[in-house]
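Only one structure is covered here, and it is reproduced in the block below.
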Amino acid sequence: MSSETPAPLSDKPASQLKAFFGNPRLVPMINYVLFFIFLMSLGFTGILAITLIYLFQDNAPDWLKSHYEFQKRTFWIGIAMVILLIVITGLKIPFLAWVAFGSVFIWTVGRSVVGFNHLVHNRPYPTPKGWLI
């Protein structure tokens, strides 16, 4: 038997984990992913995202506040579009319903991808109050 004491466990993974969760970009990143699957989850991920936005936006750095503003607008405009989509579906015109659904889907995914791209490159979102992208 050796009288050697075992080497202490490295705290490197723990420090990496702390750095990951301490990153102020984490919540906006999660929100962009949640908005990416917004329609496929029937809006449930959007509710989670808007909750995270209102919980974390006040403590965010200034450059991230543009992302939170952009995400809030994506949610509220998206909800209005989904309500309009439900009305159009109720008209029982399948082609119009599919066109409307496709338009809302492309709009939501496009905003999520473009916003995520700006976030990954550490840039504020240039037009957070815009209607399109």
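Quick notes on this one:
- Sorted peptide list for 54-67, 26-39, 88-101, criterion being average Cβ within 10 angstrom, highest first: 26-39, 54-67, 88-101
- Cβ-Cβ FRET estimate between LEU48 and VAL114, R0 fixed at 25 Å, reported to 0.05: 0.75
- Subtracting the Cα-Cα distance of SER41 and LYS129 from their residue separation scaled by 0.36 nm leaves 29.2 nm.
- Theoretical gain in end-to-end length, ILE86 to MET29 [0.36 nm per residue, Cα-Cα removed]: 17.6 nm
- Summed side-chain charge close to ILE133 - residues other than ILE133 whose Cβ falls under 13 Å, Lys, Arg +1, Asp, Glu -1: +3
- Neighbourhood net charge (14 Å Cβ-Cβ; Lys/Arg +1, Asp/Glu -1) for TRP63: +1
Only the coordinates and a few stated rules stand behind these numbers; no lab work does. Nothing here was measured: the structure is a model prediction, and the numbers come from that model. Every residue, glycine among them, receives a Cβ derived from its backbone with ideal geometry; neighbour counts consider all protein chains shown.
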